[in-house]
1. Filter the range 255-282 down to the residues that are under 18 Å from Arg76 (Cβ atoms) and either in contact with an Asp or Glu (Cβ under 9 Å, 6 or more places away or on another chain) or at pLDDT below 75 (or both) and list them by number.
2. Every residue in the range 193-209 that is modelled with pLDDT under 95 and either aliphatic (A, V, I, L, M) or closer than 20 Å to Leu4 by Cα (or both), please.
3. What are the residues in the range 212-229 that are within 18 Å of the chain's Cα centre (by Cα), within 11 Å of the ligand (Cβ to nearest atom) and within 21 Å of Pro152 (Cβ to Cβ), if any?
4. Under 7 Å between Cβ atoms, which residue pairs at least 6 apart in sequence (or on different chains) link something in the range 1-20 that is closer than 20 Å to Arg200 by Cα with a partner that is in a loop (DSSP other than H, G, I, E, B) and β-branched (Val, Ile, Thr)?
5. If you go through the range 84-141, how many residues are part of a helix (DSSP H, G or I) and out of contact with any Lys or Arg (no Cβ under 8 Å at 6 or more places or on another chain)?
6. Could we say that Arg108 is farther than 29 Å from Gln223 by Cα, modelled with pLDDT of 90 or more and of a type outside the set (A, V, I, L, M, F, W, C) here?
Amino acid sequence: MDTLSACPLCRGRWKSIPAPPVAIGQSVFSESFGLARCHTCNVRFVNPRPSAENLERFYNSDGYECHTVAKASDPRIRLDVVERLRRPSSLCDFGCGSGELLRAAQKRGWDVCGIEPGAPRKHLEFDIYPDSSKMGQQVDVVTMVHVLEHCPSPADTLSDLRKALKPNGLIYIEVPNVNSLRARLGGSFLKPLWTHDPERYLAFPIHLFYFHPSSLKKLLAAQGYKILEIGTMGMGVEELFTPKPQAVSRDDSSPVGSSGNGSRFQFAKNVVKRALYGSMLGENLYVVATVS
Ligand SMILES: [Zn+2]
C-alpha cells in the first residue's frame with residue numbers, strides 16, 4: 001500500500017473524502033484503500049492506494065476484465081473525432097488491449113502500433129511495445145481510451161508520450177467522467193431510489209484517478225499540451241427511458257443525430273444526448289490535444 005503526501009497531478013494539498021462502499025480485486029488486495037480530493041486541481045484519487053506490485057498482480061489475474069464494457073463501444077467514434085481535426089497516417093494506441101481500435105485505424109489505411117505496459121497477454125498482429133521509449137518512430141496520433149485513470153503517474157505518462165508524437169501530432173484521451181449525470185444522480189438525494197450503479201467508483205481502487213474536466217485540462221496544460229477539443233460522450237441514455245436497463249444495448253455512444261429511424265424515441269434520445277453532452281454530463285470525458 002502506498003500513501004501519497006501531495007496530489008500526484010499538481011503537487012497540491014488534498015483532503016480525504018468518503019471511500020466507496022465497494023471495491024474490486026478483493027482476492028488480490030487485502031488492505032482497504034481511501035479516497036482523496038485535491039484542493040488545487042479538483043481531481044479525486046485513491047489514497048492510500050495499492051502498491052505497484054499488487055496492481056500488477058491484479059492485472060495479471062484471470063478475473064480481470066473490467067475494461068471490456070468500456071472498450072466494447074465502437075472504436076470508430078474516437079477515430080472520427082480525430083479525423084475531424086487532422087488527416088493522420090499513423091497511430092499508436094496506448095493500452096491497446098485486444099486491438100479493436102488498431103484494427104479500425106488500419107482499415108483507414110493508417111500505420112498502427114500499440115503500447116501495453118507489462119507483458120502483452122494476447123498475441124496481436126501489430127507491433128506492441130512495453131512503453132513509448134521503445135517505439136523507435138513518432139506517430140501522428142496517440143490514443144488512450146480508458147487508460148489514463150489506471151496510470152500511477154499520469155503526468156509522467158503524458159510527458160513521455162510527447163516524445164512519441166510528431167510535431168503537431170494529436171493525443172486523444174478518454175476517461176470516465178467523474179461529473180457525469182449518472183454519477184451525480186447516484187451521489188445525490190436520489191440515491192435510495194436510483195437503482196442504476198452510478199459507475200463513478202465501479203473500478204475502485206484500480207481506477208487510481210477520477211477526472212473532472214477541469215482536472216484533465218490542468219494536467220494537460222502542465223505537460224505542455226494545447227487542448228483542441230473537449231467533450232463528453234456516452235450516457236446510458238436508454239436507462240433513463242426504460243425500466244429494464246439489462247434488456248437494452250449499452251452502446252449509446254454514437255454521435256448525436258446519426259440514426260435515421262425517425263422514431264419519436266430516437267428524437268427524444270437525441271435531444272437528451274445533445275443537452276447532456278453539451279453540459280459535459282456524459283459518461284465519458286474525452287479530450288484531443290496537440291503538443292504546443
Ligand atoms: Zn491536484
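The values are calculated or read from the model by the stated rules, or taken from the named source; none is laboratory data. Since we're looking at a predicted model, the values are computed, not measured. Cβ atoms come from the backbone with ideal geometry, glycine included; neighbour counts cover every protein chain shown.
1. Narrowing the range 255-282 to residues under 18 Å from Arg76 (Cβ atoms): 255-260, 273, 277, 282.
Residues satisfying the conditions are Pro255, Val256, Gly257, Ser258, Ser259, Gly260, Lys273, Tyr277.
2. Taking the range 193-209 as the starting set, the residues that turn out to be modelled with pLDDT under 95 are 193-207.
Across the range 193-209, the qualifying residues are Leu193, Tyr201, Leu202, Ala203, Phe204, Pro205, Ile206, His207.
3. His212, Ser215, Lys218, Leu219
4. Listed by first residue and then by second, the contacts come to Cys7/Thr40; Cys7/Val43; Leu9/Val43.
5. Keep residues of the range 84-141 that are part of a helix (DSSP H, G or I), which gives 84-85, 100-107, 132-134.
Still in the running and out of contact with any Lys or Arg (no Cβ under 8 Å at 6 or more places or on another chain): 84-85, 102-103, 105-107, 134.
Matching residues across the range 84-141 total 8.
6. Numbers: farther than 29 Å from Gln223 by Cα: yes; modelled with pLDDT of 90 or more: yes; of a type outside the set (A, V, I, L, M, F, W, C): yes.
The answer is yes for Arg108.
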